[in-house]
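The values are calculated or read from the model by the stated rules, or taken from the named source; none is laboratory data. Quantities reported herein were computed from a predicted structural model and do not represent experimental measurements. Reconstructed Cβ throughout: ideal geometry from the backbone, glycine too, with neighbour counts over all protein chains shown.
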Amino acid sequence: MGAYLAALALALIASIVTGALQSTTLRALSLAPLAQRPRLFNALIGLHLRVALGVGGIGALLGPSALARLFDLPPSLADQAQVAFFCVLAASVVAIALAPYEIALQAHERFGLFAALDLARAVALIPVAFLLIGQTTPPLAAFAALSAGLSLSSTLAGAWRARQSLPETRLHLHWILNIRPARGQTALLSWSVLGGLAASARAQGMVLLMAALSGPVASAAYGLGNPLPAALRQFAEATRQVLAPRIYADHAAQGADGSVTGALVASRIAALIAFGAAIPMAVNAPALLTLWLGRSSPEMVMVVRLMLAAVALDQVSAGLGLAFLARGRIAWMQGWGAALTVMSLPAAFLAGRASGEIGAALWVALAATTAIAALRIMLLTRFSPGTATRWAHETLIPVLASALPAALGAALVQGLLPEGTARLALSFGVCSVLWPGASWRLGLSAPERARLTALLRRRPAEGPA
């Protein structure tokens, strides 16, 4: 277990760096004219290679000693732990180095290849995981090697296919060595990494905070209640990722107004998805937890509902981050956002300790999420006057209007039927009918519906969203 904890810690750090690199690289490629993309792509490859070598060097230098000092592994697992660690390190380094190939496809709004490869890798990992079941001495090295091999294979296959389909991804050594065209990405990368580290610190810190406040019961409630909101957050973030290339293209063609308009649309779509899923999940949290995990408790239900509320509130303005990134001005947003995120942990701890309940800590975390959402709107309004008013009219009001029918339908079912499978099924059925129709008619205008349809069909649409 120690080896996997160390490997997961490395993977977490690498994923933060990779995520920051992907967002800044996607911005650079999407904003660049087609004629400049080959040189820029090679410069970005050079930048990614340097970052990958840095991660690999630090991991190889500090990883083995940290593994030996932090985890007391028996001799039978010590060698396997080293192999597992370096397998994860190798997969992480290659993923960072070759990330521009996936991003080059995303800049052309082509997401299917790497999505299919990721799905195939996840499915292939299922039988691999069974290698650990029933083993007295788990085959850590074999499992890590197979897992890393699948990751490497999918990464290399995706890069090779992207290289075949996009002429701009041809490599030129002298362009790779000259990263001057990509130097503007380093500051954006630093601020993006800061935001990722703050978010990760908050996620991990909440787990420790729950354990410190109420012991293993609260920690277990938080751990068991977290997957539903986490899955919803990932889905909403994926929606913004799909819309990001179009927003950057609008910024390049129309200026700041184009990116603000697209960011408002991205916030609205992500919020519509978040509210539409969160409402029936929150209303039926006890039944869902019982059905999924075989048990439920008031603490777990409270965790689910408050975290679902936090996810939904965050999505109402999360898309505005794309407008900041399109402008290349993310320092204030990431800096203040990271400060609020980190400061929320001691504030939540003090609130929980004073009240003796984990609910108080979660309410503080929800307040911090709301403050960060408001911060995005305030800062973007400084750069683009009138953004707050536009956000209220173009995002908040349509989202609330679209969510209201689903909320009323779920409340009606809640009042008519006793808790159980029938109420759960009917509630989700009613919401699945009311939410899509209300979102389509009330949440999107006619031009936006046409644009979204064109995007899903991978065809360009005329006019801004």
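Set side by side, the residues 353, 376, 382 differ, and just one is assigned to a helix (DSSP H, G or I) and surrounded by 16 or more Cβ atoms within 10 Å (Cβ to Cβ), which is 376. Being surrounded by fewer than 16 Cβ atoms within 10 Å (Cβ to Cβ), out of contact with any Pro (no Cβ under 6 Å at 6 or more places or on another chain) and touching a residue at least 60 places away in the same chain (Cβ under 8 Å) is true of residue 79.
The condition (being out of contact with any Phe, Trp or Tyr (no Cβ under 6 Å at 6 or more places or on another chain), assigned by TED's automatic domain parsing to the domain that holds residue 313 and either closer than 15 Å to residue 267 by Cα or at pLDDT 90 or above (or both)) is satisfied by just one residue among 415, 420, 409: 409. Here is a check on your reading of the model: is residue 159 in a helix (DSSP H, G or I), among the aliphatic types (A, V, I, L, M) and under 21 Å from the mean Cα position of the chain (by Cα)? Spelling it out, it is not the case that residue 159 is in a helix (DSSP H, G or I), among the aliphatic types (A, V, I, L, M) and under 21 Å from the mean Cα position of the chain (by Cα). Within segment 384-432, the set of residues being under 15 Å from residue 317 (Cα atoms) and aliphatic (A, V, I, L, M) comprises 388, 392, 396, 397, 399, 400. So is residue 292 farther than 23 Å from residue 241 by Cβ and modelled with pLDDT of 90 or more or not? Criteria not met by residue 292. Sub-9 Å Cβ pairs linking a first residue in segment 349-360 that is closer than 15 Å to residue 205 by Cα and at pLDDT below 85 to a second residue that is surrounded by fewer than 20 Cβ atoms within 10 Å (Cβ to Cβ) and of a type outside the set (Lys, Arg), at least 6 apart or interchain, are 358/214; 358/302, ordered by first then second residue. Of all residue pairs spaced 6 or more apart or on separate chains, those with beta-carbon atoms under 9 Å, a first member in segment 170-184 that is in contact (Cβ under 8 Å) with a residue 24 or more places away in the chain and a second member that is part of a loop (DSSP other than H, G, I, E, B) are 181/32; 184/328. Within segment 319-370, the set of residues being among the aromatic types (Phe, Trp, Tyr) and over 17 Å from residue 391 (Cβ atoms) comprises 332, 336, 349, 363.
Residue by residue, here is whether (1) among the aliphatic types (A, V, I, L, M); (2) loosely packed, with under 15 Cβ neighbours inside 10 Å; (3) in a helix (DSSP H, G or I); (4) in the same structural domain as residue 30 (by TED's automatic domain parsing) holds:
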position: 87; (1), (2), (3), (4): no, no, yes, yes
position: 99; (1), (2), (3), (4): yes, no, yes, yes
position: 105; (1), (2), (3), (4): yes, no, yes, yes
position: 110; (1), (2), (3), (4): no, no, no, yes
